[in-house]
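**Student:** Can you read through this structure? Questions will come right after.
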Amino acid sequence: MDADAAVEAVLRAARGKRSLTVSCSAVHSIMEGAMDLEHRHRLNALDLVLPDGQPVRWALRWRHGIKLANRVYGPDFMLAVCARAEQEGIPIFLYGSRREILDELATNLTRRYPGLVIAGAKASAFRRLTEIEQREIAASISASGAGIILAGLGCPRQEIWAYENARLISLPLLAVGAAFDFHAGVLPQAPSWMQRSGTEWLFRLGQEPRRLWKRYLFLNPLYLLLVAGELLRIVHLGSGSQSHPRSVRVG
């Protein structure tokens, strides 16, 4: 599914007040699922897993013949959803990150889209929630009047959050990666040529080497081996855990 079709799917679900779980997934997200059976189950249970990274888009073409003109880049996807939400008068809710980042993000979004209604925003607790807390947060989001929920919790927490809250919040839940930090002005985005060439990870590694070095220097080569194994038909990943994944209740 390309970006336009994904945005339209989100708006249809928002109009109908229906659950729709969406993840913009790069290599990191895919590899979390490859290495963890429970998380693979969660990813496969989401309604839309979109190719955020160019290597993911390329692998879809090589392995499955799916030819997309471009990736579905989380930060751009988020803006496209916000633009349509403004046009149709559908309020959004921002969940995750830190309070100061949410404040900057809300300011920047309403500056860019003056008619956009932000029904609410809640920062991450950066810990596991109790079941009561999880239900209270879900109830407050549902009662806010929002029609679309944007989650910026980082991978894999945001995918876990979308999976676990789909049964509690009957609205589109969108996991949009680092989009919150980018649009709040906290992190710079890679130049467009790096985004097109699939080398954006080098730019991000340079920005946050201490946090990201293990992710990129370990998971990227492993991803290439996995794709090669799939192409040669010597590797096949199943659907994941057959039992219901344990509750994590990220917040």
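**Student:** Which lysines have a Cα lying under 25 Å from the Cα of Lys67, excluding residues fewer than 8 positions away in the same chain?
**Tutor:** Partners within reach: none.
**Student:** Taking amide H atoms as placed 1.01 Å from N in the peptide plane, list the residues 5 or more away in sequence, or in a different chain, whose amide H sits under 5 Å from that of Gly120.
**Tutor:** When sequence neighbours closer than 5 places are left aside, the close amide H contacts are Leu94.
**Student:** Moving to a separate point now. Starting at the first residue of the stretch 179-193, write each ³J(HN,Hα) from the Karplus equation 6.51 cos²θ - 1.76 cosθ + 1.60 with θ = phi - 60°, in whole Hz, x for Gly and Pro.
**Tutor:** 4, 4, 5, 5, 7, 7, x, 7, 10, x, 8, 5, x, 4, 5
**Student:** I would also like to ask the following. Binned at 5 Å from 0, what are the whole-percent values of the Cα-Cα distance distribution for the stretch 107-224, short to long?
**Tutor:** 2, 9, 15, 20, 18, 13, 12, 9, 2, 0
**Student:** Oh, and also: Report the Cα centroid-to-centroid distance between the stretch 207-233 and the stretch 1-79 in angstrom, as an integer.
**Tutor:** If we compute the Cα centre of each part, the gap is 18 Å.
**Student:** Still on this structure: On a straight-distance basis, which lysines could pair with Lys17 in a cross-link, Cα separation under 21 angstrom, same-chain partners fewer than 8 positions away excluded?
**Tutor:** The reachable lysines, counting only those whose Cα sits under 21 Å from Lys17, are Lys122.
**Student:** May I pose another question? With a cut-off of at most 12 other beta carbons within 10 Å, and DSSP calling the residue loop, which trypsin sites (Lys or Arg not before Pro) in the stretch 157-251 qualify? Please list them.
**Tutor:** Details: sites: Arg157, Arg167, Arg196, Arg204, Arg210, Arg211, Lys214, Arg215, Arg233, Arg246, Arg249; in loops: Arg167, Arg233, Arg246, Arg249.
Those satisfying the criteria are Arg167, Arg233, Arg246.
**Student:** Fully extended, how many nm does the chain gain between Arg135 and Trp213 (0.36 nm per residue separation, minus their Cα-Cα distance)? The partial results should precede the final answer.
**Tutor:** Numbers: separation 78, 0.36 × 78 = 28.08 nm, distance 3.54 nm.
Once the chain is fully extended between Arg135 and Trp213, it gains 24.5 nm.
**Student:** Moving to a separate point now. Take the Cα pairs of the chain, get the Kirkwood Rh, then feed it into Stokes-Einstein at 20 °C and 1.002 mPa s and tell me D in µm²/s.
**Tutor:** Working: Rh = 18.5 Å.
Estimated diffusion coefficient is 116 µm²/s.
**Student:** Another one. Under a crude label model (7 Å from the Cα following the beta-carbon direction), how far is Arg98 from Leu224 in nanometres?
**Tutor:** 3.5
**Student:** Would you pull out the residues with amide H under 5 Å of Leu50's amide H, same chain only if 5 or more places away, H placed 1.01 Å from N?
**Tutor:** Residues meeting the criterion, in which the H sits 1.01 Å from N, are Ser23, Cys24, Ser25.
**Student:** How much length is gained if the chain between Leu68 and Arg233 is pulled fully straight, taking 0.36 nm per residue apart and subtracting their Cα-Cα distance, in nm to one decimal? Display every interim value, and only then the final one.
**Tutor:** Values: separation 165, 0.36 × 165 = 59.40 nm, distance 2.29 nm.
The span from Leu68 to Arg233 would gain 57.1 nm if fully extended.
**Student:** So how far apart, in nm, are the two label points at Leu205 and Met1 if each is 7 Å from Cα heading toward Cβ?
**Tutor:** About 3.2 nm, to one decimal.
**Student:** What distance in nm separates the simple spin-label points at Asp36 and Glu8, each placed 7 Å from Cα in the Cβ direction?
**Tutor:** 3.4
**Student:** Counting other Cβ atoms within 10 Å of each Cβ, which trypsin sites (Lys or Arg not before Pro) in the stretch 1-80 have at most 11 and sit in a DSSP loop? Display every interim value, and only then the final one.
**Tutor:** Details: sites: Arg12, Arg15, Lys17, Arg18, Arg40, Arg42, Arg57, Arg61, Arg63, Lys67, Arg71; in loops: Lys17, Arg18, Lys67, Arg71.
In loop regions of the stretch 1-80 (DSSP not H, G, I, E or B), the sparsely surrounded trypsin sites (Lys or Arg not before Pro) are Lys17, Lys67.
We did not get these values from a lab; they are worked out from the coordinates using the rules stated. Please read all numbers here as calculations on a predicted model, not as lab measurements. Glycine also receives a Cβ, built like all others from the backbone with ideal geometry; neighbour counts cover every protein chain displayed.
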